[in-house]
Each structure stands twice: as structure tokens, then as C-alpha cells.
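**Student:** The structure that follows is given in the form of C-alpha cells.
The values are calculated or read from the model by the stated rules, or taken from the named source; none is laboratory data. The structure presented is a predicted model; accordingly, all values stated were derived computationally and were not measured. Because the Cβ atoms are built from the backbone with ideal geometry, glycine has one as well, and the counts that use them run over all protein chains shown.
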Amino acid sequence: MAVDSTPMPVESWKDKLLRRENHGSTGEEDLELLEGDVTKTTINGVPTTNFSERIQQILIRDMATTVVVKLLGCNLAYSTLQNRILSLWKPSHPFPLMDVENDYYLVKFQSKDDYEKALTQGPWTVFGQYLTVQPWSPDFNPLQPFPNHVMAWVRFPSLPGVFYKRKILEEIGSLIGKVTKLDFKTDCGSRGRFACMAVFINLNKPLIPHALINCMVQR
């Protein structure tokens with residue numbers, strides 16, 4: 001197995017905070033707590049803090065270009081994994097991996113294009129192992145041993161060509177999950193037999209064996 005000759009040092013939270021302060025961008029200046037934004041109580045002797053819907057939406061927006069990654073079947077050193085991911089994605093701006101529980105990592109992109117590339121240009125492999133990449137969402141739970149969303153290619157073999165328009169295909173694909181990519185030839189209508197699209201599937205939901213599209217069964 002090849003090993004990177006110049007591994008990148010692991011970035012601590014202290015380093016991350018100091019780097020942001022040096023660049024004058026911590027994001028704190030955009031967050032103002034108003035009356036009612038924080039509620040503190042005690043429930044059965046347990047101190048409890050709840051945040052308002054306004055604060056939660058601000059925090060969620062701040063994660064808009066964040067993905068969750070996990071390398072299945074292999075444990076790599078932090079620096080090795082980061083170097084391999086940077087080599088795969090070649091982002092326009094570098095990023096640190098944020099280590100969380102159960103070998104999950106968070107990647108927060110500075111560029112929307114880099115974010116979409118990571119989500120749509122896969123599947124990605126590192127040393128022959130599958131690197132799962134999913135958009136961060138509020139229901140992400142690092143205590144789960146495996147990701148609950150994966151990207152899968154879906155085909156509709158008998159879909160009539162009249163539906164071969166990007167927005168129409170995205171609406172059809174949304175019956176299964178979030179559409180992230182359409183096959184290029186499908187998008188320009190050069191294939192008449194089937195539509196092929198990349199869709200993020202929630203593994204916690206039942207498998208959808210077929211769907212009705214304009215009263216026609218699609219499997």
C-alpha cells in the first residue's frame with residue numbers, strides 16, 4: 001500500500017480557531033442572540049438548554065456546504081486520508097477534515113462548486129475502499145455505525161422519451177431521493193431507452209420497488 005511521503009499535520013481545534021481569528025472570520029459576528037433564543041431549564045434534575053427555531057436555522061445554513069464522509073472497510077491515519085481526499089477532489093480551496101465519532105469526518109467547503117463535485121462526481125474510492133459522501137443534515141447521527149444516506153444510480157428502462165427534460169427527470173427522481181446528477185447523454189436526449197440519474201437514498205426507509213408516472217408503472 002502506498003503511503004504519502006509528506007503527510008499533512010493533524011489540525012487541532014485550537015489551531016483551527018486561531019487560524020480563523022487571524023483571518024478575522026469566525027462567523028461569530030454574524031450570530032446575535034436575541035431574547036427568547038435560548039431557554040434553560042432543569043428536567044428531572046438534568047440541566048437543559050433549548051435554542052429557538054431562528055438560531056437552529058442559522059446554524060443549519062452555516063452547514064450548507066458541508067458533507068459527511070466515511071471510509072468503509074479501512075482505517076487510515078488522519079493525514080493519509082486527508083491527502084488522498086484532496087488528491088481525489090482537487091478542491092479550489094483547501095479544507096481540514098473535522099474528526100467526529102465512529103470514523104466519520106466533516107468537510108466544510110468554501111466553494112459551492114467543490115461541494116457539488118464531491119457529491120456528484122463519485123463514486124470515490126481510497127486504496128480500493130468505498131468513500132461514502134453524503135450532504136450534512138440536521139438528523140446526521142455519528143453514533144450510527146454506517147451512513148444512512150448513499151448515492152445510487154437509478155434507471156427507468158421504460159420511461160418514454162417525452163419525459164427526457166432535466167427538470168422533469170429531477171421531479172421523477174425525487175420520488176426516490178434527492179437527485180444529484182443526471183447522465184449527460186440522458187440530459188441531452190440522445191438515449192431513447194432509459195434515464196439514468198444519481199440519487200441519494202435513505203437506507204432507513206423501505207425500498208421503493210416501483211412508481212407510477214402519469215399512471216404508468218416504472219420499475
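**Student:** Which ones in segment 48-78 are surrounded by fewer than 17 Cβ atoms within 10 Å (Cβ to Cβ) and among the polar types (S, T, N, Q)? Before you say what the answer is, go through the steps one by one.
**Tutor:** Initial filter on segment 48-78 (surrounded by fewer than 17 Cβ atoms within 10 Å (Cβ to Cβ)): 48-54, 56-64, 72-75, 77-78.
Answer for segment 48-78, where residues must be surrounded by fewer than 17 Cβ atoms within 10 Å (Cβ to Cβ) and among the polar types (S, T, N, Q): 48, 49, 50, 52, 56, 57, 75.
**Student:** Can you name the number of the only condition in (1) farther than 24 Å from residue 198 by Cα; (2) in contact with a Phe, Trp or Tyr (Cβ under 6 Å, 6 or more places away or on another chain) that residue 70 fails?
**Tutor:** Going through the list (1) farther than 24 Å from residue 198 by Cα; (2) in contact with a Phe, Trp or Tyr (Cβ under 6 Å, 6 or more places away or on another chain), residue 70 breaks only (1).
**Student:** Name, by its number, the condition in (1) surrounded by fewer than 17 Cβ atoms within 10 Å (Cβ to Cβ); (2) touching a Cys at 6+ places or on another chain (Cβ under 9 Å) that does not hold for residue 123.
**Tutor:** With (1) surrounded by fewer than 17 Cβ atoms within 10 Å (Cβ to Cβ); (2) touching a Cys at 6+ places or on another chain (Cβ under 9 Å) applied to residue 123, the lone miss is (2).
**Student:** Within segment 42-62, which residues are more than 24 Å from the chain's Cα centre (by Cα) and among the polar types (S, T, N, Q)?
**Tutor:** Residues satisfying the conditions are 42, 44, 48, 49, 50, 52.
**Student:** So, in segment 64-75, how many residues would count as being touching an Asp or Glu at 6+ places or on another chain (Cβ under 9 Å) and assigned to a strand (DSSP E or B)?
**Tutor:** The number of residues fulfilling the criteria is 2.
**Student:** In the set 179, 133, which member is without any contact (Cβ under 8 Å) to a residue 24 or more places away in the chain and crowded, with 17+ Cβ neighbours inside 10 Å? Break it down stepwise before answering.
**Tutor:** On the way: 133 fails: without any contact (Cβ under 8 Å) to a residue 24 or more places away in the chain.
Just a single option satisfies the conditions, and that option is 179.
**Student:** Still on this model: I need the full set of residues from segment 84-97 which are surrounded by 14 or more Cβ atoms within 10 Å (Cβ to Cβ) and modelled with pLDDT of 95 or more, in order please. Steps first, please.
**Tutor:** Step one: filter segment 84-97 for residues surrounded by 14 or more Cβ atoms within 10 Å (Cβ to Cβ), giving 84-86, 88-89, 91, 95-97.
If the condition is that a residue be surrounded by 14 or more Cβ atoms within 10 Å (Cβ to Cβ) and modelled with pLDDT of 95 or more, then 84, 85, 86, 88, 89, 91 are the ones that fit.
**Student:** Please determine whether any residue of segment 50-61 is within 23 Å of residue 180 (Cβ to Cβ), part of a loop (DSSP other than H, G, I, E, B) and touching a Leu at 6+ places or on another chain (Cβ under 9 Å).
**Tutor:** No, every residue in segment 50-61 fails to be within 23 Å of residue 180 (Cβ to Cβ), part of a loop (DSSP other than H, G, I, E, B) and touching a Leu at 6+ places or on another chain (Cβ under 9 Å).
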